[in-house]
Every structure is written in structure tokens, then in C-alpha cells.
Amino acid sequence: MTRAIVIGGGLSGVLAATALSHHVDEVTVIESDKYPEQPAPRRGMPQGRQNHMLTAGGAHALDQLLPGTTDLLFAAGAHKLAMGRNILTLSSEGWFRRVDDDAFFIACSRNLLDHIVRQQALTNPVITVLQETKATGLVGTASRVTGIRYEKGTEPEQTLTADIVVDATGSRSKTPQWLTELGVAELYEEFLDAGLAYAGRLYEAPADAAADFPGVLIQTVPNTGKPGAGAAFMPQEDGRWIVSLIGTAGGQPPTGEEGFMEFARSVGNPIVGELMARATPIGEIKGSRGLANRRRYFERLTLPEGFLALGDAVTVLSPNYASGMSMAAFGALALRSQLKSHGLEPGLGKKVQLDIANKVAGPWKSATSTDRWFPGVRTNIKLGKGTVEQKLAVRWSRVAAEHPGLLKATYQVATLQTPQNKVMTLPLMGALLRGPQQTPLTPAEALAQFPQIGKLLSSAPADLSKVEH
Amino acid sequence: MLHAFDESATIAGDLDAIWRTVSDVAGWSTWDPHVLESGTDTPFEVGGGGWTISRIVKGRRSYFKLVEVDPGRGYTTESPMPLGKMLIINKYEQAGPGLVKLSRRVEVHGGFAPVYGFFWAKAFQADTRATFEELGREIKLRATRAETSR
Ligand SMILES: Cc1cc2nc3c(=O)[nH]c(=O)nc-3n(C[C@H](O)[C@H](O)[C@H](O)COP(=O)(O)OP(=O)(O)OC[C@H]3O[C@@H](n4cnc5c(N)ncnc54)[C@H](O)[C@@H]3O)c2cc1C
């Protein structure tokens with residue numbers, strides 16, 4: 001009789017349990033929270049109130065683990081937004097031109113996504129979830145983890161043994177401390193904190209908004225000497241919209257009524273504020289803080305056998321890059337692939353951590369090498385000068401704003417379908433070297449690419465000419 | 001040139017349940033130990049097809065076409081190979097009450113056959129045995145799942 005324990009029943013945990021279910025007799029998921037019966041917020045998932053987008057790469061991994069999940073999401077009202085066709089983007093270097101390309105994000109509430117994933121996964125008779133049960137430590141030695149300690153309500157602490165324990169407790173994971181208690185060497189951790197904060201709210205879309213209303217991304221701009229300020233506006237299921245306002249240290253978005261709207265109007269372009277003004281707010285404005293990039297280098301550690309970690313417990317990427325859920329799915333897929341190739345044999349944990357490290361390396365580099373340029377950044381990473389890198393990033397964005405080939409490559413990378421180091425071709429390199437050839441789009445030209453927006457705003461035209469970047 | 005091998009096994013289950021499982025290409029990767037990833041955009045019928053990434057040739061998609069489909073009883077896939085092709089012929093037949101005989105014949109045709117035979121055939125044959133064993137487990141699991149969701 002073999003047992004796996006997964007600590008944490010968020011996205012990583014549920015997907016890891018699915019991956020493990022074909023390789024052990026039983027999988028026990030330990031979740032400190034209580035799942036809602038319907039798609040709804042829960043205490044253990046505070047970020048669920050903010051805009052969450054799933055990349056095409058993440059959607060692929062999700063469907064590999066739980067076939068049919070994205071179809072169920074679409075049936076429940078999730079939107080498939082092709083970056084080139086369905087999202088108006090103001091990048092650091094200007095408005096992106098519309099381009100016919102399939103790289104997409106799935107936009108829906110995090111609550112819906114988690115609910116459907118749980119529905120798909122937890123009918124598996126091999127998986128049992130112990131809800132309202134909190135893991136308090138690992139059992140074993142520095143060379144082998146043999147189980148966990150946990151507590152439920154007021155009952156005394158208990159232990160549960162397992163052949164493999166997976167930490168999927170997210171960014172607040174206690175694993176570094178738990179491993180040290182077992183005598184394992186200290187886990188090396190890097191962080192880079194730009195003081196990023198989100199303030200978000202749900203809206204009822206106006207009745208006359210088109211069903212295929214586009215998303216809008218106003219990206220935060222690094223290296224201006226001013227705090228980054230941006231906004232994400234996305235259609236959700238049930239005729240709702242979600243807005244997340246984004247700011248870095250010294251310019252974090254307020255969660256009060258007035259400041260919220262003011263902030264929305266003050267980012268690179270006021271379009272998101274204008275759309276908010278035409279919609280009906282639902283509920284309160286919710287803030288999220290403490291959104292630093294954080295990476296734990298499990299792959300460098302002599303890990304005890306019978307243990308591994310996934311998802312945010314390994315790497316937290318700035319939510320600006322919309323990649324955390326995808327990384328959760330990639331991690332679970334890597335676990336499944338290694339289980340298929342090697343079963344539970346010694347070295348499994350190390351192999352999975354190496355696969356995860358490979359997946360995370362590109363997004364980590366791009367997140368940290370962008371976020372380092374915001375004022376007031378704190379980090380323990382020894383950063384080089386990075387000026388060439390920074391100039392290249394600026395040129396890339398500037399050329400991508402007008403060059404369909406480079407824009408498609410950018411979208412491939414952003415939707416985690418192709419790593420950045422694999423998208424470059426000779427013609428694209430040529431375009432990058434030639435630099436920009438056209439005058440950037442004006443706000444009016446950019447907006448005219450999406451008639452749905454113009455139609456909605458036509459009843460009370462707004463001045464959208466301002467660009468602050 | 002031809003390299004071929006045959007494998008068979010008898011498992012508990014009924015033909016319908018087995019057919020539902022084996023004709024669900026997107027689901028292969030969830031239970032078949034040989035298949036790391038799989039996908040299809042077409043119905044499971046002649047002319048359709050899909051792709052797999054196997055644990056033998058990791059990191060690369062192998063594409064297949066369905067060249068024969070006999071619902072409930074078997075199907076044959078054809079995949080391109082250097083200098084030839086690979087046919088995988090799968091058959092399912094009742095072998096007594098509650099028992100089904102699974103059989104698979106793999107044929108590699110063309111100039112690549114000896115190379116395939118030398119490097120990959122043994123691993124694929126062993127994987128076919130593992131596939132049959134897991135199919136048995138998957139059928140039981142799906143039956144329990146259907147039972148509990150009722
Ligand atoms: C503001 C914000 C916006 C974001 N936007 C996006 C986006 O657009 N796209 C995207 O892909 N990602 C986004 N993310 C990231 C995404 O939310 C995370 O990457 C993802 O939720 C990680 O999943 P996880 O399962 O690893 O961890 P979590 O989701 O944190 O789940 C951890 C689970 O473990 C449980 N738990 C914790 N400790 C214990 C314990 N001791 N015992 C038992 N259970 C425990 C918790 O209750 C929780 O259920 C965003 C994050 C934030 C903060």
C-alpha cells in the first residue's frame with residue numbers, strides 16, 4: 001500500500017494529486033481551508049479576488065493533466081482572448097498593433113477556474129482531501145521524509161506517513177524551516193521586491209457592451225524614475241468585468257473609492273477608468289500587497305528522498321507576468337512525466353525540481369530583469385549593470401509595437417508557449433537591428449482597432465489622448 | 001524491410017468501457033505510462049489522427065493518422081518514420097465473462113526498420129505490456145468513479 005501526501009489543495013496541490021494518482025494507492029491532500037461549494041472566494045486563496053489570466057501554455061498543461069478542463073471553462077463563460085486580436089495593449093514603448101495570431105490567455109475568475117479544476121480532479125477515487133487540516137511539519141530525517149505532522153481544529157497534533165510528500169502550500173510555504181528542522185542544509189532563496197501592489201474590483205458590464213468586448217492591458221513602465229503604474233481590465237464569466245490596478249513602491253494603488261478611480265485614470269492612458277465609469281461596481285475594492293518575486297533553489301539542495309515542492313512554494317513570479325498558475329500546471333506535468341519514467345524511485349524529487357527550474361528560469365529572468373528598474377526595489381540578487389539588457393528590452397518592445405513578426409514572437413513568449421531563447425529567427429534579428437520604422441500609433445488609432453470600445457464610449461466621448469509613458 | 005512485434009494480455013472489464021478509454025486520445029496521457037502527453041483535434045475515425053509524446057522519445061511529438069477504426073473492436077494508426085512508416089494495430093475481443101483480450105502488433109516498414117528494432121523496439125514492447133496493465137487499472141478506476149458520482 002503506497003501513499004502520497006500533498007500539503008496544500010490549491011491549484012498546484014490538486015494538479016499534483018492528479019499526477020500522483022496513477023502511481024500510488026492513495027493520495028491524501030491536506031488543506032487548511034474549506035472549499036466553497038460553488039465558485040467563490042476563500043480565505044486560503046486571497047489572490048483569487050484579483051484578475052487572473054491563464055496562459056495558452058498553462059492551458060495546454062492543464063488539459064494534459066485533466067483533459068477537457070478548458071472546454072468546461074469556456075462552457076462556464078471563460079473568455080479566450082488572443083493577445084493580438086482581443087486585447088488592447090499599451091506597452092512601455094507604445095500601443096501594440098492588432099495582429100492575426102492565436103497566442104491566447106483565458107480570462108475568467110480565479111474562483112471559477114479553481115472550482116472547475118477541483119470538480120475535474122476530486123472525483124478521482126484515489127484522492128482524498130482533508131479540509132480544515134493544517135500541516136505543521138515534516139516527519140523523517142535529512143535523508144528521507146516519511147510523512148507529515150498536522151492538526152485539525154482543537155484535536156492534538158497527529159502524524160501521517162507517506163512514501164512521498166509534496167509541498168504545494170504556496171508562497172507562504174514553511175518548507176525552508178521544516179527542512180532545516182530535519183537537519184537539511186539551508187535552502188537558498190532569492191527575492192526581488194519592487195513593492196508591487198494590486199487593487200482590484202469586479203463590475204457588472206454595461207448592457208450595451210459587446211459580448212466579445214476586448215481586454216485592456218496598460219503595462220507598468222520600468223526605468224522612468226517614477227513608480228510603475230498600470231491596469232488590467234478583463235472580461236469574466238457572467239457578464240462581469242474585472243479591473244486590477246497595479247503600482248510599485250511609492251505608487252501603490254489605493255483601495256478607497258475616489259483614489260481608485262483617480263489612479264485608473266492616471267496610468268499610461270485613462271481608457272480603463274473610462275470603462276469603469278460606464279460599469280456598475282460589485283462589492284468592495286480589494287488590495288493585494290507583498291507581491292515580490294521569490295525563488296527557492298530546491299534543485300541545488302541535497303533533498304531528502306520522498307519529498308518535493310511545486311508551484312508558488314518554489315517560485316513566486318510577479319503577478320504582472322500572469323504566469324503563476326501556468327507554472328503550477330507545468331510543475332505537476334513535470335511530476336507526472338518523471339513518475340512515468342522513473343516511478344517513486346530515489347532521485348524523483350531532484351529530477352522534478354530540475355525540470356521545474358528549467359521551466360522557471362526564463363520567466364524568472366525576464367521578471368527580475370524588468371522589475372529591478374522600478375524605484376525603491378529591494379533584492380538579495382547580485383545584479384550586473386544590465387544596461388545593455390535594458391536597452392535591448394526597450395528596443396524589442398518598441399519594434400514589437402509595429403512589427404507583426406516580433407509581436408507574434410513576444411506573444412509566444414508571454415503566453416508561455418515558447419521560451420524567449422527559442423523565438424529568435426534571423427529575420428526577427430534583422431528587424432530588431434533595423435529598429436523602429438514607423439511612427440507609433442496614437443491613442444485614437446490604437447483604440448480604433450477595437451470598434452467595441454469606440455461603440456461603448458460613443459454615448460459620452462472621453463478624452464483619451466493623454467499618454468504619460 | 002520490416003520489424004514487428006506482438007503483445008497481448010487479458011484484463012477484467014467490458015469491451016464498451018475499454019473502447020471508451022482507448023478511443024479518448026486526449027485522455028491517453030492521463031493513464032498510459034508510455035504516453036507523456038497526447039492530443040487530437042479530430043474525431044476518432046478513419047482520416048482523423050493526433051499526436052503523442054512518449055517516454056521513449058521524450059520532448060518530441062509523434063503524429064499519427066487513424067487508418068482503420070472498428071468501433072469496440074480495434075483500430076490501427078500509421079505514423080511517418082524516416083524512410084517508411086509505423087503501423088500500430090490494436091485489437092480487443094471478449095475472452096470470457098468480464099474478460100477482454102487486448103492485443104497489439106507493431107510494424108515498422110522501410111529502411112529505418114532495423115535501426116528502430118535495435119534502439120527502440122524492446123522499450124516499446126515493454127511499454128506495451130505496461131500500457132495493458134495500466135489499462136486494466138484505469139478501467140477499474142473509471143468504474144469506481146462512475147459509481148461514486150451516481
Ligand atoms: C494579485 C495576484 C495576481 C495574480 N495573477 C495571476 C495571473 O493573472 N495569472 C497567473 O497564472 N497567476 C497569477 N497569480 C499567481 C497565482 O495566484 C499563483 O501562482 C497560484 O495560485 C499558485 O498556486 P499554488 O497552488 O502553488 O499556491 P496557492 O494558490 O497559494 O495555494 C496554496 C494552498 O495551500 C493551502 N495551505 C497553505 N499552508 C498550508 C498548510 N500549512 N497546511 C495545509 N494547507 C495549507 C492554502 O490554503 C492554499 O489552498 C497572481 C497572484 C497574485 C497574488
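The values are calculated or read from the model by the stated rules, or taken from the named source; none is laboratory data. On a predicted model such as this, the values are computed, not experimentally measured, just so you know. Glycine gets a Cβ as well: all are built from the backbone with ideal geometry, and neighbour counts include every protein chain shown. All accessible areas refer to the heavy atoms of the entire protein, side chains included, with ligands and DNA or RNA removed. Shrake-Rupley method; radii C 1.70, N 1.55, O 1.52, S 1.80 Å.
Where strands (runs of 3 or more DSSP E) fall wholly inside region A:173-276, the ranges with 3 or more residues that are under 30 Å from residue A:391 (Cβ atoms) and open to solvent by less than 20 Å² (accessible area, probe 1.4 Å) are A:215-218, A:229-235, A:240-247. For a quick check of your reading of the model, give me the residue pairs whose first member lies in region A:210-222 and is on the phi > 0 side of the Ramachandran plot, whose second is of a type in the set (Gly, Ala, Ser) and open to solvent by less than 40 Å² (accessible area, probe 1.4 Å), with beta-carbon atoms closer than 8 Å and at least 6 apart or on different chains. Sorted first by the residue in region A:210-222, then by its partner, the list stays empty. Checking the stated criteria, residue A:69 turns out to be within 14 Å of another protein chain (Cβ to nearest Cβ) and modelled with pLDDT of 95 or more. Considering region A:290-337, and only residues there that are assigned to a loop (DSSP other than H, G, I, E, B), within 14 Å of the ligand (Cβ to nearest atom) and more than 19 Å from residue A:174 (Cβ to Cβ), the residue that is farthest from the other protein chains (Cβ to nearest Cβ) turns out to be A:291. With respect to (1) open to solvent by 30 Å² or more (accessible area, probe 1.4 Å); (2) assigned to a helix (DSSP H, G or I); (3) more than 23 Å from residue B:43 (Cα to Cα), the lone exception for residue B:117 is condition (1). Within the bounds of region A:308-318, is there any residue that is surrounded by fewer than 24 Cβ atoms within 10 Å (Cβ to Cβ) and small (Gly, Ala, Ser)? There is no residue in region A:308-318 that is surrounded by fewer than 24 Cβ atoms within 10 Å (Cβ to Cβ) and small (Gly, Ala, Ser). The numbered conditions (1) over 13 Å from the mean Cα position of the chain (by Cα); (2) more than 12 Å from chain A (Cβ to nearest Cβ); (3) open to solvent by 60 Å² or more (accessible area, probe 1.4 Å) are all true for residue B:72 except (3).
Here is a yes/no grid of residues against (1) closer than 18 Å to residue A:219 by Cβ; (2) part of a helix (DSSP H, G or I); (3) modelled with pLDDT under 90; (4) among the charged types (D, E, K, R):
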| site | (1), (2), (3), (4) |
| --- | --- |
| A:373 | yes, no, no, no |
| A:381 | no, no, no, no |
| A:384 | no, no, yes, no |
| A:390 | yes, yes, yes, no |
| A:396 | yes, yes, no, no |
| A:405 | no, yes, no, no |
| A:428 | no, yes, no, no |
| A:447 | yes, yes, no, no |
| A:453 | yes, yes, no, no |
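Of all residues in region A:261-284, those that are of a type in the set (S, T, N, Q) have Cβ atoms under 7 Å from Cβ atoms of residues that are open to solvent by 50 Å² or more (accessible area, probe 1.4 Å), 6 or more apart or on another chain, in A:269/A:466; A:269/A:467; A:280/A:204.
Here residue A:43 fulfils each of the conditions (1) under 22 Å from residue A:145 (Cα atoms); (2) within 10 Å of the ligand (Cβ to nearest atom); (3) open to solvent by 30 Å² or more (accessible area, probe 1.4 Å) apart from (1). Residue A:138: closer than 30 Å to residue B:143 by Cα, among the hydrophobic types (A, V, I, L, M, F, W, C), open to solvent by less than 30 Å² (accessible area, probe 1.4 Å) and more than 14 Å from chain B (Cβ to nearest Cβ), yes or no? Judged against the criteria, residue A:138 is not a match. Check whether at least one residue in region A:199-207 is within 12 Å of the ligand (Cβ to nearest atom) and at pLDDT 95 or above, and report yes or no. The answer is yes, given that some residue of region A:199-207 is within 12 Å of the ligand (Cβ to nearest atom) and at pLDDT 95 or above. Within region B:52-63, being open to solvent by 20 Å² or more (accessible area, probe 1.4 Å) and under 12 Å from the mean Cα position of the chain (by Cα) holds for one residue alone: B:52. Contact map, region B:120-149: residues that are in contact (Cβ under 8 Å) with a residue 40 or more places away in the chain and more than 9 Å from every other protein chain (Cβ to nearest Cβ) paired with residues that are surrounded by 18 or more Cβ atoms within 10 Å (Cβ to Cβ) and in a helix (DSSP H, G or I), Cβ distance under 8 Å, separation 6+ or inter-chain. Pairs shown: B:135/B:18; B:135/B:21; B:135/B:22; B:135/B:31; B:139/B:18; B:139/B:21; B:142/B:21. Does region A:235-242 contain at least one residue that is over 22 Å from residue A:112 (Cα atoms) and within 14 Å of the ligand (Cβ to nearest atom)? For region A:235-242, residues over 22 Å from residue A:112 (Cα atoms) and within 14 Å of the ligand (Cβ to nearest atom): absent. Scoring residue A:92 on the criteria (1) small (Gly, Ala, Ser); (2) under 26 Å from residue A:211 (Cα atoms); (3) away from the ligand (no atom under 15 Å from the Cβ) leaves a single failure, condition (2).
When residue A:351 is tested against (1) within 14 Å of chain B (Cβ to nearest Cβ); (2) open to solvent by less than 10 Å² (accessible area, probe 1.4 Å), only condition (2) is not met. Taking region A:127-155 as the range and being more than 14 Å from the ligand (Cβ to nearest atom) and either modelled with pLDDT under 95 or touching a His at 6+ places or on another chain (Cβ under 7 Å) (or both) as the test, the residues that pass are A:154, A:155.
The residues of region A:108-150 that are within 28 Å of residue A:347 (Cα to Cα), touching a Leu at 6+ places or on another chain (Cβ under 7 Å) and of a type in the set (S, T, N, Q) amount to a single one, A:141. When region A:116-135 is limited to residues that are outside any loop (DSSP other than H, G, I, E, B) and open to solvent by 20 Å² or more (accessible area, probe 1.4 Å), the one that is farthest from the other protein chains (Cβ to nearest Cβ) turns out to be A:134.
Residues of region B:18-47 that are open to solvent by 20 Å² or more (accessible area, probe 1.4 Å) and of a type in the set (A, V, I, L, M): B:26, B:46. Residues that are of a type in the set (Ser, Thr, Tyr), more than 30 Å from residue A:199 (Cα to Cα) and within 13 Å of the ligand (Cβ to nearest atom) within region A:1-40 comprise A:18, A:28, listed in sequence order. The one condition from (1) in contact with a Phe, Trp or Tyr (Cβ under 7 Å, 6 or more places away or on another chain); (2) open to solvent by 50 Å² or more (accessible area, probe 1.4 Å); (3) not assigned by TED's automatic domain parsing to the domain that holds residue A:173 that residue A:407 does not meet is (2).
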